[in-house]
Amino acid sequence: MLEKIKSTADFIRSKTSFNPEYGIVLGSGLGGLVQEVREEFSFEYSDIPNFPLSTVKGHGGKLILGTLAGKKVIAMQGRFHYYEGYSMQEVTFPIRVMIELGIRQLLLSNASGGMNPDYKVGDIVIIQDQINLMPSNPLIGKNEDELGPRFPDMSEAYESKSVQAAYEIASAAGYRVHKGVYAGVSGPCFETPAEYRFLRIIGADIVGMSTVPEVIVARHAGIPCFAISIVTDLGGFEHVEKISHEEVLRVANASEGKMTDVISQLLAKL
Ligand code: HPA
């Protein structure tokens, strides 16, 4: 794996001398932030050696290097999900490459289902902590000591300073915003009413099918993480509503501006 990471990073360096400081991963329906990036160089995923190929509608599949809010960023428009059939190592490979390229913080976005009764569709949740309910972990297997320790600490999975800063930015902008716990599940089914209730009982505020593996790999490497979620549906037990991927994308798209605003203002402060 080490050679693959290095050779992909070398490929990117052979095309551009731009040195990104912040890695950004944009989730379903949330790719619009890249329009704000002053682009230096971009790659289609299909042109990057060792990169998996995205299979889901609504994911652009582009890696963009450029400047946003005065900061040098490398942004993934579209991510890889475990439910698409990729291994955990494949899902997190681009994160390893961004780390090899020298990023000092990772910022992620996603769409989620809300279980907290105070949450409404379209709300912003600044992720404060996570629960890994995926059936695997990207660090399973022989540990590469060069990448990080065998038993990484997860006591601050999400950097508390960034959580607070983003919460204040969103509040000042007048957005509905919460700090919450994200449960990461494999998908691809949305949850049953009993599963949403279970997730609420175990302490999660929102649920989604991404982010958790990426954060684990970044923390393995000691990289601080930040993640922002848009609540696209409410997972209820008493009031059961049907959910579709189309509706998730529609709400994510409609809330994209708020998310782009918070990330840009946070980047400017970092
Ligand atoms: N469950 C899981 N993943 C999701 C949801 C959900 O309700 N909404 C958006 N992504």
(request) Output the antiparallel fraction of DSSP beta bridges having both residues in region 2-269, as a percent to the nearest 5. (result) 40 percent
(request) Loop only per DSSP, at most 11 neighbouring Cβ atoms within 10 Å: give me the GluC sites (Glu not before Pro) in region 98-177, ordered by residue number. (result) E146
(request) Using the structure shown, select from K6/K269; K120/K242; K161/K269; K15/K62; K4/K71 the pairs with a Cα to Cα distance greater than 19 angstrom. (result) K6/K269; K4/K71
(message) Helix-only estimate, please: 222 nm mean residue ellipticity of the chain, summing -39500 (n - 2.57) across DSSP H runs of length 4 or more and dividing by its residues, to the nearest 500.
(response) -10000 deg cm²/dmol
(request) State the volume of the convex hull built on the alpha-carbon positions of the chain, expressed per residue in Å³ and rounded to an integer. (result) 113 Å³
(message) Using the Karplus curve 6.51 cos²θ - 1.76 cosθ + 1.60 with θ = phi - 60°, what ³J(HN,Hα) values do you get for each residue of region 167-179, in whole Hz, with x for Gly and Pro?
(response) 4, 5, 4, 5, 5, 4, 7, x, 7, 6, 9, 9, 9
(request) Report the residues of region 120-156 in range of a label on K269: point 7 Å along Cα→C-beta, backbone N strictly under 16 Å from it. (result) 124-128
(request) Restrict the search to region 192-257; then list the trypsin sites (Lys or Arg not before Pro) that DSSP places in a loop and that have at most 14 other Cβ atoms within 10 Å of their Cβ. (result) K242
(message) Give me a comma-separated list of calculated 3J(HN,Hα) values for region 156-164, in order, Karplus coefficients 6.51, -1.76, 1.60 applied at θ = phi - 60°, integers in Hz, x for any Gly or Pro.
(response) 9, 4, 10, 4, 5, 4, 6, 4, 5
(message) If a paramagnetic tag sat 7 Å from the Cα of S87 along the Cα-Cβ line, which residues of region 138-180 would have the backbone N under 12 Å from that point?
(response) 138-142
(request) Neighbouring Cβ atoms within 10 Å as the yardstick, rank I126, I169, I140 fewest first. (result) I140, I169, I126
(request) Would you calculate the separation in nanometres between label points at E168 and D118, each defined as 7 Å from the Cα along the Cα-to-beta-carbon direction? (result) 2.0 nm
(request) Would you order F80, F93, F43 from fewest to most other beta-carbon atoms within 10 Å of each residue's own beta-carbon? (result) F43, F93, F80
(message) For region 240-270 and region 93-161, what is the centre-to-centre distance using only Cα atoms, to the nearest Å?
(response) 18 Å
(message) Cut-off 10 angstrom, C-alpha nodes, Gaussian network model of the chain. Which of S229, S87, S14 fluctuates the most?
(response) S14
(request) Give the relative contact order (percent, whole number) for region 2-269; include only Cα pairs under 8 Å separated by 6+ residues. (result) 25 percent
(request) Return the ratio Rg/(2.2 N^0.38 Å) for region 154-270, where Rg is computed over Cα atoms only. (result) 1.13
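Where a number appears in this text, it was derived from the coordinates with a stated rule and is not lab data. These numbers were taken from a predicted model, which means no experiment stands behind them. Note that each Cβ is placed from the backbone with ideal geometry, even for glycine, and that neighbours are counted across all protein chains shown.
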